[in-house]
1. Which cross-chain or sequence-distant (5 or more) residues have an amide H under 5 Å from the amide H of ARG60, H modelled 1.01 Å from N in plane?
2. How far apart, in nanometres, would the label points at ASP144 and GLU129 be if each is projected 7 angstrom from Cα along the Cα-to-Cβ direction?
3. Across segment 143-156, in residue order, what do the Karplus-derived ³J(HN,Hα) couplings come to in whole Hz, using 6.51 cos²θ - 1.76 cosθ + 1.60 with θ = phi - 60° and x for Gly and Pro?
4. Quick query: amide H of ILE97 versus all other amide H atoms, modeled in the peptide plane; which residues come in under 5 Å with a sequence gap of 5 or more or a different chain?
5. Just the accessible area per residue of segment 1-112, please: how many Å² with a 1.4 Å probe?
6. Quick one: compute the contact order of segment 1-63, relative version, from alpha carbon pairs under 8 angstrom and 6+ residues apart, as a percent.
7. I need the fraction of alpha carbon pairs in segment 19-64 separated by more than 17 Å, rounded to a whole percent.
8. Relative contact order, percent, of the chain when contacts are C-alpha pairs under 8 Å separated by at least 6 residues?
Amino acid sequence: MAEIEDAIERADREAFTRQPPKTLKGQIGYLIRQLGSAKAVAQEIGVTADSVNRYRRGARKHARPDVAAKIDDAVRQRWQPQVRKRRQKQAATTRGITVETRARFGYTAPIGTTDDGRFRRLTVHLPPEYAQRLFNARTTGASDQQMRQIIAEGLKNIYFQDSGNRALGLSDVTLNDIDYLDLDY
């Protein structure tokens, strides 16, 4: 599962200042403007160029459910890229990122303390450097596990260790069995 990637996508969608086109004709028109031709759109969504032209003209009002989902995904991936970039830059430089999750946290702790993992529900605001690391990891194609580790390190530092004020013997924190994870920036 790609929980972190999905959470970043949801956070990006929440940043939209305008909603993307909802009608099939509007979505196809937008994709043609973005990709340059009906043939390019057809390759993107897995149909023929003739089908794309029928959608564009309005001769076909509804696409098959699997094709409609591909069209919607293609539109949302390309919608308002400048708004996304601006929000991500703000998160990585000044605002940081808020992580809300319910997951099993495991950690390595000194002898005499408990290191049993357990489910916790956390909402923690992480500083901009963690947002920057997360976005950099995403753009370089890091795995979901690597992005989880970045979030786990941030939660260790901010939540468990209170920025160095407690639990200093705590070494490794892992984020396992994610029930849900949501990001906001």
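The values are calculated or read from the model by the stated rules, or taken from the named source; none is laboratory data. Predicted model, so just to flag it, every value in this text is computed and none were measured. So basically every Cβ, Gly included, is an ideal-geometry build from the backbone, and we count neighbours across all protein chains shown. For the accessible areas, the whole protein counts, side chains as well, though only heavy atoms, and no ligand, DNA or RNA atoms are used. Shrake-Rupley method; radii C 1.70, N 1.55, O 1.52, S 1.80 Å.
1. Amide H to amide H, under 5 Å and 5 or more residues apart or across chains, ARG60 pairs with TYR55.
2. Between ASP144 and GLU129, the label points sit 2.8 nm apart.
3. Each residue of segment 143-156 in turn: 6, 4, 5, 5, 5, 4, 5, 5, 5, 4, 5, x, 5, 4 Hz.
4. So ILE97 has HN proximity to LEU126, ALA131.
5. Details: 6430 Å² over 112 residues.
On a per-residue basis, 57 Å².
6. Values: 40 pairs, mean separation 17.5, N = 63.
Relative CO of segment 1-63 lands at 28 percent.
7. Values: 195 of 1035 pairs.
Here the long-distance tail beyond 17 Å is 19 percent of all Cα pairs in segment 19-64.
8. On the way: 257 pairs, mean separation 49.3, N = 185.
Averaging sequence separation for qualifying contacts and normalising by length gives 27 percent for the chain.
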